[in-house]
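Since the structure comes first, as structure tokens, the remarks are kept for the end.
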Amino acid sequence: MLDVSGIGHAYGSGAAAHTALRDVSFTVRQGEIVCIVGPSGCGKSTLLRAVSGLLPPSAGQSWLTGVPIRSVPDDLAFVFQEYGKSLFPWLTVRGNVAFPLKARRRSRQSRDRAVEDALSSVGLADAADKHPWQLSGGMQQRVAIARALACEPRLLLMDEPFASVDAQTRADLEDLLLRVRRAYRTTVLLVTHDIDESVYLADRVLVLSTAPGTVVADIDVTPLGPDRDQITTRESDGFVHLRGEVARLLRYGTDRHAPQEA
Ligand code: ADP
Ligand code: MG
């Protein structure tokens with residue numbers, strides 16, 4: 001589905017150049033949720049922007065279903081951390097979700113249908129006529145998720161989408177993502193700095209090094225099974241083991257002299 005090869009990026013040029021990423025390569029298979037976890041400032045947002053075609057990377061290339069990504073493809077949607085800045089305050093919830101569809105050649109009827117389906121899949125059917133400023137933070141982020149889903153993207157990129165909401169809302173939004181991913185069969189690449197969240201959501205976790213970021217590990221999380229539960233999954237031996245492995249890799253990289261027990 002997504003093939004990322006040798007992505008590197010430096011901001012600025014000459015003596016002022018700042019290398020944010022180096023030689024990042026990975027693939028995402030259709031239907032997978034892949035989480036990228038890495039320390040703050042290691043280049044996670046830069047990586048998502050480079051993969052999406054928003055930012056031309058200094059090195060490397062990404063392909064979506066074999067087609068090189070040079071600008072943002074139609075079948076890709078992006079959800080940012082700052083839902084407050086990504087919604088139009090003068091449009092209703094329905095207007096926000098419908099907005100990107102207006103540019104697409106679709107019948108009015110199929111557009112309305114996609115909007116209503118997306119709103120009900122995130123539990124916002126009753127809030128369709130409200131404005132973003134009448135909603136809580138978690139509801140606003142659900143609008144942003146609905147807007148992405150309404151486009152029926154092949155690939156959904158999410159940059160710390162749940163980092164600005166309280167813990168309970170965050171857990172609810174994580175479970176919402178797992179449900180809609182199943183309903184829409186969307187492939188998801190999600191960036192987070194939260195180890196537990198990465199393991200809870202993912203089929204695979206890619207661990208990035210400190211800046212400039214590069215992939216230090218690619219961890220299979222499918223042994224946890226497709227059905228996750230905020231309480232039983234998080235207390236299971238498999239989860240505890242995996243979160244320890246990710247934490248160790250984040251702290252020590254692949255250094256063999258790292259202590260074996262964190
Ligand atoms: P993360 O998302 O992992 O916290 P970022 O990708 O946002 O990291 O940033 C990686 C590094 O690149 C940081 O040192 C940051 O200051 C720098 N950086 C990010 N965006 C820009 C920009 N537009 N111009 C210059 N430097 C930037
Ligand atoms: Mg970031």
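Observations on the structure shown:
- Unique residue being more than 16 Å from ligand 1 (Cβ to nearest atom) and modelled with pLDDT under 95 when the list is 233, 186, 210: 186
- Residue check, residue 94 of a type outside the set (S, T, N, Q) and either surrounded by fewer than 17 Cβ atoms within 10 Å (Cβ to Cβ) or within 23 Å of residue 192 (Cβ to Cβ) (or both): no
- Matching residues, segment 131-153, being within 23 Å of residue 30 (Cα to Cα) and part of a loop (DSSP other than H, G, I, E, B): 151, 152, 153
- The lone criterion from (1) over 22 Å from residue 77 (Cβ atoms); (2) within 16 Å of ligand 1 (Cβ to nearest atom); (3) of a type in the set (Gly, Ala, Ser) left unmet by residue 217 is number (2).
- Single match in 102, 85 (criterion: within 25 Å of residue 43 (Cβ to Cβ), free of Cβ contacts under 8 Å to residues at least 60 places away in the same chain and in a helix (DSSP H, G or I)): 85
- Members of segment 151-179 found to be farther than 21 Å from residue 66 by Cβ and touching a strand residue (DSSP E or B) at 6+ places or on another chain (Cβ under 9 Å), listed by number: 158, 159, 160, 161, 162, 163, 177, 178
- Any chance residue 58 is in contact (Cβ under 8 Å) with a residue 12 or more places away in the chain, under 12 Å from the mean Cα position of the chain (by Cα) and either surrounded by fewer than 22 Cβ atoms within 10 Å (Cβ to Cβ) or within 16 Å of ligand 1 (Cβ to nearest atom) (or both): no
- Close pairs (9 angstrom Cβ cut-off, 6 or more residues apart or separate chains): outside any loop (DSSP other than H, G, I, E, B) in segment 200-212, within 11 Å of ligand 1 (Cβ to nearest atom) and polar (S, T, N, Q) anywhere: 201/192
- Filtered residue count, segment 128-169, keeping only those that are closer than 18 Å to residue 84 by Cβ, of a type outside the set (S, T, N, Q) and surrounded by fewer than 18 Cβ atoms within 10 Å (Cβ to Cβ): 6
- Residue tally, condition farther than 10 Å from residue 199 by Cα and surrounded by 14 or more Cβ atoms within 10 Å (Cβ to Cβ), over segment 216-227: 2
- When the test is whether a residue is part of a loop (DSSP other than H, G, I, E, B), within 13 Å of ligand 2 (Cβ to nearest atom) and at pLDDT 90 or above, residue 39 passes it.
- Pick from segment 102-127, criterion buried (at least 20 other Cβ atoms within 10 Å of the Cβ) and of a type outside the set (Gly, Ala, Ser), ranking: nearest to residue 179 (Cα to Cα): 122
- Pick from segment 12-25, criterion in contact with a Ser or Thr (Cβ under 7 Å, 6 or more places away or on another chain) and within 8 Å of ligand 1 (Cβ to nearest atom), ranking: modelled with the highest pLDDT: 21
Residue by residue, here is whether (1) at pLDDT below 95; (2) within 12 Å of ligand 1 (Cβ to nearest atom); (3) not in a loop (DSSP other than H, G, I, E, B) holds:
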position: 27; (1), (2), (3): no, no, yes
position: 35; (1), (2), (3): no, no, yes
position: 54; (1), (2), (3): yes, yes, no
position: 70; (1), (2), (3): yes, no, no
position: 78; (1), (2), (3): yes, no, yes
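- Test result for residue 181, assigned to a helix (DSSP H, G or I) and over 19 Å from residue 160 (Cβ atoms): no
- Residue match in segment 125-135 (condition: free of Cβ contacts under 8 Å to residues at least 60 places away in the same chain and under 17 Å from residue 161 (Cα atoms)): yes
The values are calculated or read from the model by the stated rules, or taken from the named source; none is laboratory data. A quick note: this is a predicted structure, and the numbers were derived from the prediction, not measured. Ideal geometry is used to build each Cβ from the backbone, glycine not excepted, and the neighbour counts take in all protein chains shown.
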